[in-house]
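Structure, as structure tokens:
The values are calculated or read from the model by the stated rules, or taken from the named source; none is laboratory data. Because the structure is a prediction, the values reported are computed rather than measured. We place every Cβ from the backbone using ideal geometry, glycine too, and count neighbours over all the protein chains shown.
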Amino acid sequence: AQSVTQLGSHVSVSEGALVLLRCNYSSSVPPYLFWYVQYPNQGLQLLLKYTSAATLVKGINGFEAEFKKSETSFHLTKPSAHMSDAAEYFCAVTLIKAAGNKLTFGGGTRVLVKP
Amino acid sequence: DVKVTQSSRYLVKRTGEKVFLECVQDMDHENMFWYRQDPGLGLRLIYFSYDVKMKEKGDIPEGYSVSREKKERFSLILESASTNQTSMYLCASSLRGLAKVLGEQYFGPGTRLTVT
């Protein structure tokens with residue numbers, strides 16, 4: 001079975017500062033990894049995904065994530081935070097042969113951006 | 001654009017009531033999912049369906065059932081609502097069988113259910 005751990009349920013950053021959200025996974029086989037974002041009063045939307053091609057993955061809104069197999073990590077970064085990045089971010093994992101393409105989500109990290 | 005709609009944004013029900021949450025998607029997706037979202041726990045899968053009339057239990061199916069009579073519609077049923085089912089419920093859909101879209105799920109805006 002696979003699992004996902006997100007370190008830090010809340011992160012506060014200043015506008016213009018680096019955003020770093022941590023995600024570690026556990027999987028017995030090579031996983032597919034995802035970051036989803038949830039803006040206030042909305043459903044989740046896909047930010048980016050890793051599917052065993054390039055280890056550095058670029059997503060929407062200037063976010064990127066790097067897959068590190070040796071560290072079982074898939075941390076999300078953005079060089080310069082914007083006020084519009086205030087949201088909750090979820091890391092998720094699935095297996096290639098998972099029935100129904102099921103996702104397993106981490107607990108989420110809520111990002112607060114200070115002016 | 002893929003659109004997933006849920007029948008209500010906010011719902012207040014009494015303990016013991018039967019509750020129906022409806023979800024409709026307009027992109028002909030085979031897979032549909034129901035999650036509940038609670039602070040600190042992320043999203044937990046209740047049930048999913050990969051075809052009409054097909055359903056599989058997720059991680060927390062107890063106290064819930066589902067129905068999928070048409071491809072575009074997936075209903076979540078709380079047979080006898082309890083206070084511990086107060087939560088945000090999210091519906092999602094996805095294509096099946098294509099590796100390039102594996103794991104890409106499209107979510108509705110959620111229904112915040114309060115059981116008193």
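Suppose we filter B:ARG9, B:ARG14 for residues that are over 23 Å from B:LEU95 (Cβ atoms), within 14 Å of another protein chain (Cβ to nearest Cβ), among the charged types (D, E, K, R) and exposed (fewer than 14 other Cβ atoms within 10 Å of the Cβ); which single one remains?
Step by step, each of B:ARG9, B:ARG14 is checked, and only B:ARG9 is over 23 Å from B:LEU95 (Cβ atoms), within 14 Å of another protein chain (Cβ to nearest Cβ), among the charged types (D, E, K, R) and exposed (fewer than 14 other Cβ atoms within 10 Å of the Cβ).
Could you list, in sequence order, the residues of segment A:93-115 that are within 14 Å of another protein chain (Cβ to nearest Cβ), hydrophobic (A, V, I, L, M, F, W, C) and either in contact with a helix residue (DSSP H, G or I) (Cβ under 8 Å, 6 or more places away or on another chain) or assigned to a strand (DSSP E or B) (or both)?
Those that are within 14 Å of another protein chain (Cβ to nearest Cβ), hydrophobic (A, V, I, L, M, F, W, C) and either in contact with a helix residue (DSSP H, G or I) (Cβ under 8 Å, 6 or more places away or on another chain) or assigned to a strand (DSSP E or B) (or both): A:VAL93, A:LEU95, A:ILE96, A:PHE105.
What is the one condition in (1) more than 27 Å from B:LYS3 (Cβ to Cβ); (2) touching a Leu at 6+ places or on another chain (Cβ under 9 Å); (3) buried (at least 16 other Cβ atoms within 10 Å of the Cβ) that A:SER73 does not satisfy?
It is condition (2) that A:SER73 fails.
Take the residues in segment A:8-17 that are within 13 Å of chain B (Cβ to nearest Cβ) and over 17 Å from B:ARG44 (Cβ atoms); name whichever of them is surrounded by the most Cβ atoms within 10 Å (Cβ to Cβ).
The residue in question is A:GLY8.
Might you let me know whether segment A:18-33 holds any residue that is within 10 Å of the chain's Cα centre (by Cα), within 8 Å of chain B (Cβ to nearest Cβ) and among the aromatic types (Phe, Trp, Tyr)?
no
I want to confirm something. Restricting to segment A:34-87 and keeping residues that are of a type in the set (A, V, I, L, M) and out of contact with any Asp or Glu (no Cβ under 9 Å at 6 or more places or on another chain), which single residue is farthest from the other protein chains (Cβ to nearest Cβ)?
Looking at residues that are of a type in the set (A, V, I, L, M) and out of contact with any Asp or Glu (no Cβ under 9 Å at 6 or more places or on another chain), I get A:ALA86.
Which of the residues spanning segment B:58-74 are surrounded by fewer than 21 Cβ atoms within 10 Å (Cβ to Cβ), modelled with pLDDT of 95 or more and either touching a Leu at 6+ places or on another chain (Cβ under 9 Å) or within 24 Å of B:GLU17 (Cβ to Cβ) (or both)?
Once the filter is applied, which keeps residues that are surrounded by fewer than 21 Cβ atoms within 10 Å (Cβ to Cβ), modelled with pLDDT of 95 or more and either touching a Leu at 6+ places or on another chain (Cβ under 9 Å) or within 24 Å of B:GLU17 (Cβ to Cβ) (or both), segment B:58-74 yields B:ILE60, B:PRO61, B:GLU62, B:GLY63, B:TYR64, B:SER65, B:SER67, B:ARG68, B:GLU69, B:ARG73.
Those residues that are closer than 25 Å to A:ARG110 by Cα, away from chain A (no Cβ under 14 Å) and in a loop (DSSP other than H, G, I, E, B), I need them from segment B:42-89; list them, please.
Residue satisfying the conditions is B:THR86 alone.
Quick one: would you say A:PHE90 is within 30 Å of B:PHE48 (Cβ to Cβ), more than 13 Å from chain B (Cβ to nearest Cβ) and either out of contact with any Pro (no Cβ under 6 Å at 6 or more places or on another chain) or assigned to a loop (DSSP other than H, G, I, E, B) (or both)?
Criteria not met by A:PHE90.
Quick check on my filter: what residues within segment B:7-41 are of a type in the set (A, V, I, L, M, F, W, C) and assigned to a loop (DSSP other than H, G, I, E, B)?
Matches in segment B:7-41: B:MET27, B:LEU41.
List the number of the failed condition for B:ARG96; all other conditions in (1) modelled with pLDDT under 95; (2) under 13 Å from B:GLN37 (Cα atoms); (3) among the charged types (D, E, K, R) hold.
(2)
For segment A:19-51, give me the residue count where each residue is farther than 17 Å from B:ASP38 by Cα and out of contact with any strand residue (DSSP E or B) (no Cβ under 7 Å at 6 or more places or on another chain).
Qualifying residue count for the region: 2.
What number of residues within segment B:28-41 satisfy the criterion of being within 9 Å of another protein chain (Cβ to nearest Cβ), surrounded by fewer than 21 Cβ atoms within 10 Å (Cβ to Cβ) and out of contact with any Ser or Thr (no Cβ under 9 Å at 6 or more places or on another chain)?
1
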